[in-house]
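Data first, discussion second: the structure below is written as structure tokens.
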Amino acid sequence: MGDVTVNVNNESKKKRSQLHDVWRRFRKSPIAMTGLCVVVFMVLVALFADVIAPSDGRNPGYDIHNLGNRFQAPNAEHIMGTDEFGRDIFARVVHGSRVSLLVGFIVVTFSMTLGVIVGAIAGFFGKVAENILMRFIDVLLSIPPILLAISIAAAMRPGMMSIVLAVGIGALPLYARVMRASVLTVKEQEFIEAAYSIGASKFRIIRKHVLPNCIAPIIVQATMGLAYAILWAAALSFLGIGIQPPTPEWGAMLSEGRMYIRDHWHMVMFPGMAIAIMIFALNMMGDGLRDAFDPRLKK
Amino acid sequence: MSDILLKIEDLTVHYITDDGTVHAVNDLNLSLNKGETLGLVGETGAGKTTTALSIMGLVPNPPGKVINGEVEFEGEKLFEKSEAELRQVRGNKISMIFQDPMTSLNPIMTVRDQIAEVVLLHENLTAKEAKEKADEMLLKVGIRADRAKEFPHQFSGGMRQRVVIAIALACNPVLLIADEPTTALDVTIQAQVLELMKELKKEFNTAMVMITHDLGIVAEICDNVAIMYAGSVVEQAGKEELFTNPKHPYTIGLFNSIPDIDSDDSVLKPIKGLMPDPTNLPTGCPFHPRCDLAMPQCSEILPKRTEISENHYVKCLLFDGGG
């Protein structure tokens, strides 16, 4: 038999949604794709933390104290060394990605949901509703996040909840403002008037016509917001008002290592790098998404 | 008369802004019979679109405000209906085609879903049945069914306007308001879209208000014509009557502004001057500063609507009291 010719039917047009176009443009940017790969890698690490760095007594676990083994510099057995209790720093960084990503996702979900609702109502209805909601947002913006976090942590027990509330409330105004701005643009467009003219109710118009058309800037904001949330969560844990030891959290690990930084650099080096790489990757991805969503760059 | 579908009486709509009150529509009177096509002709800013939006009850408020007047549709006064009752009318009994098909479709919904939406809103069908109805409508406006799942940006301007027409006619409305439906299209496509509208109008027996500034379109598809100037109808007549026997100086001016292929005039006779500023309309007849036949009293008295022959109304002092 000779070669089999594969007849590709070029005439059948592929369905092309807006998201498909966005993905096509996103793929073309090497920086954005690098960011995406790193983020995906981090998420996989977090998901399979127990497989990558198991803690079963035989292996050097992230939570097993081994005082005879403390302050080891990176070596073959502990590639990132050990900390002051002899715990394996590699295992702790791996497990720390779980905490960081989880906090990040919860914070983003929390602030995005509230922010989108507030921004959509303010932008769509305007007038009194807008004034009340946006002034409230302005008040939130006027409180320094650290101060807010300290008061929330003081009022309740420091931990996941206090971080989510503190960072989430701090990030809420960003989403509300982005959402309000894009609702204001979208609601003036003719297809919204057309939707009124076919008898759709206001609620339906918001849900089916306004919100889906405002989603692009929110997705970009959420990607950047994830970086913001992870960074702030680490900062609060570093200050001791966030995730508490012995839970492996990158910020908290930095805080512990701070005391030994002169003699044992590896204790701050690796969690610090984990934070930096994660934030960097998310920002690269966010930039790429923003460009991909920008129709003016359409080719 | 029982076959009157739409009756607008003394409609006055103002836009109240910080820079003054815009007198968009002033004492406008119109009527339309079932199945009939009325051409609403006027320059940009004459209040054509505001009139259309008033019929739909969609004048943006604020700044728009209906000061006075009634819109009677199928014998019911639209301004007395509640918002929920109006929603039952919109898209179902009265539907509207917008000027620019590039912006009047939702960019992130497939065309099938957009047609199905209006069907779902007004007819008691399941989602699946609505989609079938949508495909059926697409076929009617000449779009292949396999393109139903595509998005508006994959269609050309003329195709999009076909989709818009499909949406407007999906619930078999009694009245279709077309707001310059072909202005944004190429001339060749214009003819196709007009032809399509004419056919579908006949098929569905829909009355139509065709808003345009193109007298050629009026000649093509309208039965009656209303000429608008500065927010009111200055002349209304049957198409034949208006084209052969225009009375109002503004209407005559409009016809003089069209090049005539038979006569070899090298210079057109445009109407001198510009549309008056709608925040500051002249006293008396709003057209008198531009009118060649203006009399002294034209700047003082606002002419009334006069019927000079059957179904031929003029708003001009030259004919006031004459009919």
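Per this entry, B:S104 is counted among residues that are at the interface with chain A (Cβ under 8 Å from one of its Cβ atoms), assigned to a loop (DSSP other than H, G, I, E, B) and touching a residue at least 60 places away in the same chain (Cβ under 8 Å).
Counting only helices (runs of 4 or more DSSP H) wholly contained in region A:185-299, the ones carrying 1 or more residues that are out of contact with any Leu (no Cβ under 7 Å at 6 or more places or on another chain) and among the charged types (D, E, K, R) occupy A:190-197, A:202-205, A:250-258, A:266-293. The residues of region B:90-112 that are modelled with pLDDT of 90 or more and either aliphatic (A, V, I, L, M) or surrounded by fewer than 19 Cβ atoms within 10 Å (Cβ to Cβ) (or both), listed by number, are B:K93, B:I94, B:M96, B:I97, B:L105, B:V111. Would region A:110-128 turn up any residue that is over 15 Å from the mean Cα position of the chain (by Cα), loosely packed, with under 14 Cβ neighbours inside 10 Å, in a helix (DSSP H, G or I) and at pLDDT below 90? Yes. Is at least one residue of region A:202-213 basic (K, R), within 29 Å of B:L169 (Cα to Cα), crowded, with 20+ Cβ neighbours inside 10 Å and more than 25 Å from the chain's Cα centre (by Cα)? No: zero hits.
Consider region B:83-98 and keep the residues that are touching a residue at least 60 places away in the same chain (Cβ under 8 Å) and more than 8 Å from chain A (Cβ to nearest Cβ). The one that is farthest from B:T212 (Cα to Cα) is B:K93.
Tell me, please, whether a residue that is under 25 Å from B:I94 (Cα atoms), assigned to a loop (DSSP other than H, G, I, E, B) and in contact with a strand residue (DSSP E or B) (Cβ under 7 Å, 6 or more places away or on another chain) can be found in region B:199-217. Scanning region B:199-217 turns up at least one residue that is under 25 Å from B:I94 (Cα atoms), assigned to a loop (DSSP other than H, G, I, E, B) and in contact with a strand residue (DSSP E or B) (Cβ under 7 Å, 6 or more places away or on another chain). If the condition is being assigned to a helix (DSSP H, G or I) and either farther than 12 Å from B:I167 by Cα or free of Cβ contacts under 8 Å to residues at least 24 places away in the same chain (or both), then region B:123-141 contributes B:A127, B:K128, B:E129, B:A130, B:K131, B:E132, B:D135, B:E136, B:L139.
Residues being out of contact with any Phe, Trp or Tyr (no Cβ under 8 Å at 6 or more places or on another chain) and farther than 20 Å from B:A178 by Cβ are entirely absent from region B:92-107.
Would you please name the residue that is nearest to the other protein chains (Cβ to nearest Cβ), looking only at residues in region B:143-152 that are surrounded by fewer than 21 Cβ atoms within 10 Å (Cβ to Cβ) and in contact with a Leu (Cβ under 9 Å, 6 or more places away or on another chain)? So the residue we want is B:R147. Does A:G225 satisfy the criteria of being under 19 Å from A:V164 (Cβ atoms), small (G, A, S) and touching an Asp or Glu at 6+ places or on another chain (Cβ under 9 Å)? The answer is no for A:G225. Scoring A:T185 on the criteria (1) in contact (Cβ under 8 Å) with a residue 24 or more places away in the chain; (2) of a type in the set (V, I, T); (3) within 14 Å of another protein chain (Cβ to nearest Cβ) leaves a single failure, condition (1).
Residues of region A:189-231 that are in contact with a strand residue (DSSP E or B) (Cβ under 7 Å, 6 or more places away or on another chain) and either touching a residue at least 24 places away in the same chain (Cβ under 8 Å) or small (G, A, S) (or both): A:S197, A:G199.
A count restricted to region B:113-142 and to residues that are within 14 Å of chain A (Cβ to nearest Cβ), more than 25 Å from B:A84 (Cα to Cα) and at pLDDT below 90 stands at 0.
Listed here are the residues, each with its yes/no results for (1) out of contact with any strand residue (DSSP E or B) (no Cβ under 8 Å at 6 or more places or on another chain); (2) under 28 Å from B:V163 (Cβ atoms).
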{"position": "B:E80", "(1), (2)": "yes, no"}
{"position": "B:Q88", "(1), (2)": "yes, yes"}
{"position": "B:I94", "(1), (2)": "no, yes"}
{"position": "B:N106", "(1), (2)": "yes, yes"}
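Sub-8 Å Cβ pairs linking a first residue in region A:28-41 that is buried (at least 19 other Cβ atoms within 10 Å of the Cβ) to a second residue that is aromatic (F, W, Y), at least 6 apart or interchain, are A:A32/A:F26; A:G35/A:F280; A:L36/A:F26, ordered by first then second residue. Within the set A:R177, A:R157, the sole residue that is in a helix (DSSP H, G or I), away from every other protein chain (no Cβ under 14 Å), surrounded by fewer than 21 Cβ atoms within 10 Å (Cβ to Cβ) and not aliphatic (A, V, I, L, M) turns out to be A:R177.
The values are calculated or read from the model by the stated rules, or taken from the named source; none is laboratory data. Predicted, not measured: the structure shown is a model, and the values here were computed from it. Don't worry about glycine lacking a Cβ; one is built from the backbone with ideal geometry, like all the others, and counts go over all protein chains shown.
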